[in-house]
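The values are calculated or read from the model by the stated rules, or taken from the named source; none is laboratory data. This structure is a prediction, so every number in the text was calculated from the model and none was measured. Note that we place each Cβ from the backbone using ideal geometry, even for glycine, and neighbour counts take in every protein chain shown.
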Amino acid sequence: MEADLRHGRDEGVTKGAASQVLCRLEEIEDGAGKGFYFTQGAVERAIFVVREGDQLYGYENLCPHLGMPLEFVPDQFISADGSYILCSTHGALFRIEDGHCVSGPCLGANLVPVAVGLDGKGQVTLETKERAAQ
Ligand code: FES
């Protein structure tokens, strides 16, 4: 299933049956996150990717507390100390590596992971096959 990707800038995007190129690795600051909003078939999707070096963590941009997007300011997904994913609405904190909430109103809940990776060309990709199967 092809995705129609929009993330604030009109950049070239490679579409494929099994994966979708989101951006280049260097477009995500190390220790920070980046949000992506797009349609996949008839489904509107909002995800974000956090980068720690070459390690990438992807999640649906949906707080388990009230189902709100996590960020107020575009691409601000990380707490001030750089240690956690932050929901800006009520301050929930989530572990970067597994999306588990360690503080806030949804303590113990989890962000929904999405399969992201880095291809051989330095591009951040989203595995779309996983979503198509749901
Ligand atoms: S909506 Fe995220 S903490 Fe309330």
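Whether any residue in the range 27-34 is under 15 Å from the mean Cα position of the chain (by Cα) and either in a strand (DSSP E or B) or within 16 Å of the ligand (Cβ to nearest atom) (or both) is what I want to check. Within the range 27-34, one or more residues are under 15 Å from the mean Cα position of the chain (by Cα) and either in a strand (DSSP E or B) or within 16 Å of the ligand (Cβ to nearest atom) (or both). Each residue in the range 97-128 was checked for being farther than 14 Å from VAL49 by Cβ and touching a Cys at 6+ places or on another chain (Cβ under 8 Å), and 6 pass.
Could you please let me know if ASP81 is in contact (Cβ under 8 Å) with a residue 40 or more places away in the chain and in a loop (DSSP other than H, G, I, E, B)? Even if it seems obvious, please write down each step before you answer.
On the way: in contact (Cβ under 8 Å) with a residue 40 or more places away in the chain: no; in a loop (DSSP other than H, G, I, E, B): yes.
Here the answer is no, as ASP81 does not meet what is asked.
If you check LEU56, LEU70, LEU62, LEU66 for being within 12 Å of the ligand (Cβ to nearest atom) and closer than 17 Å to GLY31 by Cβ, only one passes: LEU70.
Of the residues making up the range 84-102, those that are assigned to a loop (DSSP other than H, G, I, E, B), more than 9 Å from the ligand (Cβ to nearest atom) and buried (at least 19 other Cβ atoms within 10 Å of the Cβ) are ILE96, GLY99. For the range 111-129: of the residues being without any contact (Cβ under 8 Å) to a residue 60 or more places away in the chain and in contact with a strand residue (DSSP E or B) (Cβ under 9 Å, 6 or more places away or on another chain), which is surrounded by the fewest Cβ atoms within 10 Å (Cβ to Cβ)? Per the stated criteria, the residue is LYS121.
Yes/no per residue for (1) in contact with a Gly (Cβ under 7 Å, 6 or more places away or on another chain); (2) in a loop (DSSP other than H, G, I, E, B); (3) modelled with pLDDT of 95 or more:
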{"residue": "ASP4", "(1), (2), (3)": "no, no, no"}
{"residue": "LYS15", "(1), (2), (3)": "no, yes, no"}
{"residue": "CYS23", "(1), (2), (3)": "no, no, yes"}
{"residue": "PHE38", "(1), (2), (3)": "no, no, no"}
{"residue": "VAL50", "(1), (2), (3)": "yes, no, yes"}
{"residue": "PRO64", "(1), (2), (3)": "no, yes, yes"}
